[in-house]
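The values are calculated or read from the model by the stated rules, or taken from the named source; none is laboratory data. A quick note: this is a predicted structure, and the numbers were derived from the prediction, not measured. Here the Cβ is made from the backbone with ideal geometry for all residues, glycine too, and neighbour counts use every protein chain on show.
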Amino acid sequence: MNVNIHPVLKDLLAFGCKDHRLAPAAFAVFMDLSEVRVVWDLQYHFCKALDLIYLTGKENQDNTEANIYLPLPASYTVSPAWLQEVQECLSTKDRGFTLALKDADSTIVYYSITEGLVTPDSPDLVQLRKASEERKRLMQTELWRKRDQLYEGAQCNSNSKNDYEYQDSEL
């Protein structure tokens, strides 16, 4: 074993998960939460019943309740029944937990998992959102196409304003 291994990774590997991908995923999420997202009081735990590593930490120093983070490789198979089992095992039914999926390229995506189902948006609302996004996209495209004209117009306005100021100061 490598002597220069990070102490946290060493501890995570010592849990002895059957799926060898879990410890490196947990380590990457641990580093992201501690160094990038600055989660307070971050700790790692092992759930023997599920053979999973999970993390707990507070969003800020004043929080009294810790959030639960479940780091998994992005290729891990997740089902609604399995998520229900995790909630029961980790006792998170009332507040949920955060699923942290780590991809092979080190990208980490966080999903908030809570009890129950969320009703989907109505078709009318979906259509309105799509129309709004399309208008925004068309505006951005048009602004990008005419950016040189807009820039020149702004410069002309700025220069003409300076000319007026110059004329006023001569009076």
Query raised in the report: Looking at Ala74, is it touching a residue at least 40 places away in the same chain (Cβ under 8 Å), among the aliphatic types (A, V, I, L, M) and either surrounded by 11 or more Cβ atoms within 10 Å (Cβ to Cβ) or closer than 23 Å to Ala28 by Cβ (or both)?
Result: no
Report task. For Lys161, indicate whether it is of a type in the set (Lys, Arg), modelled with pLDDT of 85 or more and over 30 Å from Val36 (Cβ atoms). Result -> no
Report task. Evaluate the stretch 41-53: report whether one residue or more is outside any strand (DSSP E or B), at pLDDT 90 or above, of a type in the set (Ser, Thr, Tyr) and within 19 Å of Val109 (Cα to Cα). Result -> no
Query - Qualifying residues in the stretch 125-156 (those that are among the basic types (Lys, Arg) and assigned to a helix (DSSP H, G or I)) - the one modelled with the lowest pLDDT - result: Arg147
Query raised in the report: What residue, among those in the stretch 98-124 that are of a type in the set (Asp, Glu) and either at pLDDT below 90 or surrounded by fewer than 11 Cβ atoms within 10 Å (Cβ to Cβ) (or both), is nearest to the chain's Cα centre (by Cα)?
Result: Asp105
**Report entry** Residue satisfying all of: in the stretch 81-97; within 21 Å of the chain's Cα centre (by Cα) and not small (Gly, Ala, Ser); surrounded by the fewest Cβ atoms within 10 Å (Cβ to Cβ) among these
**Finding:** Arg95
Query raised in the report: Residue check: is Glu85 out of contact with any strand residue (DSSP E or B) (no Cβ under 8 Å at 6 or more places or on another chain), under 24 Å from Gly116 (Cβ atoms), not hydrophobic (A, V, I, L, M, F, W, C) and not in a loop (DSSP other than H, G, I, E, B)?
Result: yes
